[in-house]
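**Student:** Dropping the structure in here first, questions after.
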Amino acid sequence: MKKTVTGLVILVSGIFLFDACSKTPATTGQKIAPQEFISSTQLTITPGHASGIGINTVFTADGQAQTLYVDGATGQYFTIQNGDTIKAETPTVTMKSDHDYHFEIQFRGEDGAPSNDEYTEEGNEEEGANIHQFFFIPVATGSVKPIDQLNDDGDPLLGYVNLQGLEDHGGLDYQYADKSADGSKNLMIGLNGYFSIVKAGQSFDLVVDLRHGIQDKFIKNYPWYDADFSKADNDVNAPYGATDFATLFHLHIQTIE
């Protein structure tokens, strides 16, 4: 991170999950019945100013937080109005070059309880932090397309295959900032991190994908924008592992001076 960087704080918490015996409406704007809404993925975007690097970053919020909700399994966004959960369009997030943005992700299970422990566990080399990593891939607007595949609710899945990442990464920089339990190690998961703007004035989509089963993660040090995973076999035993459940979504990003 630079000493004074512009930024975006995106807090992503949870997962939208639905009763397996019910169908979610396919039309944007339709309500989700209360009994179908079990838990949520919450994205809270807060502008501020950051200094330091990785887990040593010091962040000061500056501005109103923006809250978004997304079903990571389908990429479908939602709003919550007067207690109702309503389907919404994929949002555009505007990032100003005189701010930084802290990006934190927290999942919640079907019981509504936080479930980040599944990804932050440190004691087992075949579980948790050792094999999980989020990739954030800036791609050309509109290049993320639905493919001929449906989830259990009958909704199309977003096609995250053969991604072509932008050469300049959309003019963004990102720092993983996932602290180990003792605070001494960067777990490099992407549940917690910071975006900054290197070059403003661009518009693109930001694909977010959590991979499970990554081999030699702390040796390879895969960059946050690494798009090669989308060209690899979606196999938990392959070097890049496989896309984890309910963790695929994208945002429209607009950066300005």
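**Student:** When you scan segment 143-150, do you find a residue that is modelled with pLDDT under 85, under 23 Å from P223 (Cα atoms) and loosely packed, with under 13 Cβ neighbours inside 10 Å, even just one?
**Tutor:** No, every residue in segment 143-150 fails to be modelled with pLDDT under 85, under 23 Å from P223 (Cα atoms) and loosely packed, with under 13 Cβ neighbours inside 10 Å.
**Student:** Let me ask something else. Have a look at L172, L248 and point out the one that is under 14 Å from the mean Cα position of the chain (by Cα) and crowded, with 20+ Cβ neighbours inside 10 Å.
**Tutor:** Just a single option satisfies the conditions, and that option is L248.
**Student:** Could you identify the single residue in K87, K96 that is among the basic types (K, R) and over 22 Å from K145 (Cβ atoms)? Can you show your working first?
**Tutor:** Details: K87 fails: over 22 Å from K145 (Cβ atoms).
Every option except K96 fails the conditions.
**Student:** Here's a follow-up. Go through segment 46-74 and count every residue that is under 13 Å from the mean Cα position of the chain (by Cα) and modelled with pLDDT of 80 or more.
**Tutor:** The number of residues fulfilling the criteria is 3.
**Student:** Are there any pairs with C-beta distances below 7 angstrom linking a residue in segment 78-94 that is more than 17 Å from T46 (Cα to Cα) to a residue that is among the basic types (K, R) and in a strand (DSSP E or B), with the two at least 6 apart or on different chains, and if so which?
**Tutor:** Sorted first by the residue in segment 78-94, then by its partner, the pairs are F78/K87; D84/K31; T85/K31; I86/K31.
**Student:** Another question, then. Taking into account only those residues within segment 175-192 that are under 17 Å from E118 (Cβ atoms) and buried (at least 19 other Cβ atoms within 10 Å of the Cβ), which is farthest from the chain's Cα centre (by Cα)?
**Tutor:** That would be L187.
**Student:** A further question follows. For segment 151-166, name all the residues that are assigned to a loop (DSSP other than H, G, I, E, B) and modelled with pLDDT under 95. Give the derivation first.
**Tutor:** Going residue by residue through segment 151-166, those that are assigned to a loop (DSSP other than H, G, I, E, B) are 151-155, 160-164, 166.
Selection gives N151, D152, D153, G154, D155, Y160, V161, N162, L163, Q164.
**Student:** What pairs can you find where one residue is in segment 214-228 and without any contact (Cβ under 8 Å) to a residue 24 or more places away in the chain and under 17 Å from V161 (Cβ atoms), the other is among the aromatic types (F, W, Y) and part of a loop (DSSP other than H, G, I, E, B), and their Cβ atoms are less than 8 Å apart, with a gap of 6+ or different chains?
**Tutor:** Short answer, once both residue conditions are applied: D228/Y240.
Yes/no matrix, rows are residues, columns are (1) among the polar types (S, T, N, Q); (2) in contact with a Phe, Trp or Tyr (Cβ under 7 Å, 6 or more places away or on another chain); (3) farther than 24 Å from I256 by Cα:
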position	(1), (2), (3)
S51	yes, no, no
A65	no, no, no
L68	no, yes, no
G72	no, yes, yes
T85	yes, yes, yes
V93	no, no, no
K96	no, no, no
F107	no, no, yes
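**Student:** Here is a further query. Restricting the search to segment 196-211, which residues are surrounded by 18 or more Cβ atoms within 10 Å (Cβ to Cβ) and either at pLDDT below 95 or over 24 Å from T41 (Cα atoms) (or both)?
**Tutor:** Within segment 196-211, I197, Q202, L206, V207, V208, D209, L210, R211 meet the criteria.
**Student:** Further, regarding this structure: Which of the residues spanning segment 158-213 are more than 14 Å from H250 (Cβ to Cβ), touching a residue at least 60 places away in the same chain (Cβ under 8 Å) and of a type in the set (D, E)?
**Tutor:** Once the filter is applied, which keeps residues that are more than 14 Å from H250 (Cβ to Cβ), touching a residue at least 60 places away in the same chain (Cβ under 8 Å) and of a type in the set (D, E), segment 158-213 yields D173, D178.
The values are calculated or read from the model by the stated rules, or taken from the named source; none is laboratory data. The structure displayed is predicted, hence computed values, not measured ones. Positions of Cβ are backbone-derived with ideal geometry, glycine not excepted, and every protein chain shown enters the neighbour counts.
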